[in-house]
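One structure below.
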Amino acid sequence: MNEFQPFEHEVMASQNEKEVDYNLSESGVHPLLLRELLTDSPEYIETLLATEIDYAHANGNPELRENIAALYSGCTSSNVLVTVGAIEANYNSIHTLLQPGDELAIMLPNYMQIWGIAKNHGLKINIFHLCEDNGWQVNLDELMQAVTPKTKLIAVCNPNNPTGYILTHEEMNAIINAAEGVGAWILADEVYTGAERIKDEETPSFYGKYDKVIAVGSMSKAYGLPGLRVGWAVASPDTIDKIWRRHEYTTLSTSIFSNKLAALALSVNVRPRIIQRTRNYIRKGFPLLQQWIDHQKDTFRLVPPQAAAIAFVHYQLDVNSTELANKLIQEKSVLIVPGDHFGMDKFIRISYGLPQNYLTEGLKRIQQLVTEIRDKHGNM
Ligand SMILES: Cc1ncc(COP(=O)(O)O)c(C=O)c1O
């Protein structure tokens, strides 16, 4: 058996995110206060107080599943399984669809959860890239090579973590055609839908465009509610039932309060306000980051992200990205994500969907370290 592959990105986060002065590693926007969520519905406090602290519906409470279904065309609550975060939806989807020895194609860079699961589950991994020198567009030649007659699943993240890139309709169609050509599944991690920066139109889902799609969503990113630990998988009812059988072994259900609060957040009256709040954070934070990069053009370069509260920044310094991240933790008490955690050294991922003073101070400390490194080693 292969050696266990830890989830490096989450290891660094879980060991440091609550310890540092400035956490610029989170990929969602600054989280809501419970009070903010309940602003328009103070009467809901009574509903929460009157809740029996029981198990929730194992597959998610009916109102929540209906509200999730309403986000996808041609979807009903029988197409939805509520999970403990998108992380569980991804995990149980892969274990439902793929057996050790099966082949899958993965888009990189990416949140490396599926890559790590694939390693630990003994799957054969083929890679296709988003290319920085092409504005992070998909390398379609690589896609064609990565998808073979043996491919069982294509894993994509759209909008993408860490680049914030949104696939074009042509790229989505190319991925669907590649999957259809060999009868493969598409596992579409769409947790950043709703967190668009450069346009108001929400990113279309892969769900409904091809039969063999599992779309994964979450309250953690576009809704700023990571502490609810609510995610979901959307697929055909028989696929949902199979994932649910895995869910009964792993987490069984998320909490009854999370089910209720997520249903409220996704209701037609509340959702637009939360999505607007997310976009305000992203759209106000990004110019600060861009300005900061513009002042250090000899060190940093960035393809501006189209969505999500994160930027994948290339740097030119004689230091490896994990080493840089560790120095930032130890010397400046700032947490960022090293490019190594996405399989790409010489990049760092920085959050910008944060309160402005917090972001500015965190960036200032990164700049201090960069200046110190340059003074010591010079640049490359
Ligand atoms: C692309 C992607 N998928 C899934 C997750 C996990 O999200 P959740 O908090 O819903 O488990 C993350 C978290 O960073 C992510 O970036």
Over the heavy atoms of His30, what accessible area does a 1.4 Å probe trace out, to the nearest 10 Å²? 70
Taking R0 as 45 Å, what FRET efficiency do you get between Lys364 and Arg273 from their Cβ-Cβ distance, rounded to the nearest 0.05? 0.90
Assuming 0.36 nm per residue, please report the length gained on full extension of the stretch Glu180 to Arg245 beyond their Cα-Cα distance. 20.8 nm
How far apart, in nm, are two points set 7 Å out from the Cα along the Cα-to-Cβ line at Glu331 and at Gln356? 3.0
What whole-number distance in Å separates the alpha-carbon centres of region 314-380 and region 281-311? 13
In the chain, which whole DSSP H runs stretch at least 18 Å along their own axis (Cα) and average -0.5 or higher on the Kyte-Doolittle scale? 85-97, 169-182
Would you mind classifying the chain by shape? Square roots of the alpha carbon gyration tensor eigenvalues, ordered a ≥ b ≥ c; an a/c under 1.5 is rounded, otherwise it is prolate if a/b is larger than b/c and oblate if not. oblate
Whole-angstrom gap from region 131-200 to region 91-117, using each part's C-alpha centre: 14
Let's test the formula: R0 of 30 Å, r as the Cβ-Cβ distance of Glu323 and Lys297. What FRET efficiency results, to the nearest 0.05? 0.85
Value at 222 nm in deg cm²/dmol, rounded to 500, when DSSP H runs of n ≥ 4 in the chain each add -39,500 (n - 2.57): -11500 deg cm²/dmol
For Lys284, placing the label point 7 angstrom along Cα-to-beta-carbon and taking region 171-198, residues whose amide nitrogen sits under 18 Å are 195-198
Most positive-pole-ward Cα, Leu24, Val191, Met12, against dipole of the chain from beta carbon charges: Leu24
In nm, what is the difference between 0.36 nm times the number of residues separating Glu10 and Thr47 and their Cα-Cα distance? 9.9 nm
Taking only protein heavy atoms and a 1.4 Å probe, what accessible area per residue, in Å², does the chain have with all protein chains in place? 43
How big is the accessible area of Asp375 in square angstrom, nearest 10, if you roll a 1.4 angstrom probe over the protein chains? 130
Counting as exposed only chymotrypsin sites (Phe, Trp or Tyr not before Pro) in DSSP loop states with no more than 15 other Cβ atoms inside 10 Å, the longest exposed-site-free span of the chain is 56-380
Tell me the relative contact order for the chain as a rounded percent, counting alpha carbon contacts under 8 Å between residues six or more apart. 23
Alpha carbon centre of region 212-260 versus region 33-54: separation in Å? 21
How about region 61-156: which trypsin sites (Lys or Arg not before Pro) there lie in a loop by DSSP and see at most 16 other Cβ atoms within 10 Å? Lys150
Cα→Cβ-extended label distance, 7 Å offset, between Asp40 and Ser255, nm: 2.5
Per-pair calculated FRET efficiency, R0 = 25 Å: Lys119 and Gln145 via Cβ, rounded to 0.05: 0.80
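The values are calculated or read from the model by the stated rules, or taken from the named source; none is laboratory data. Note that the structure is predicted; figures quoted are calculated from it, not measured. With ideal geometry, Cβ positions are generated from the backbone for all residues, glycine too; neighbour counts draw on all protein chains shown. Heavy atoms of the whole protein, side chains included, go into the accessibility calculation; ligands, DNA and RNA do not. Shrake-Rupley method; radii C 1.70, N 1.55, O 1.52, S 1.80 Å.
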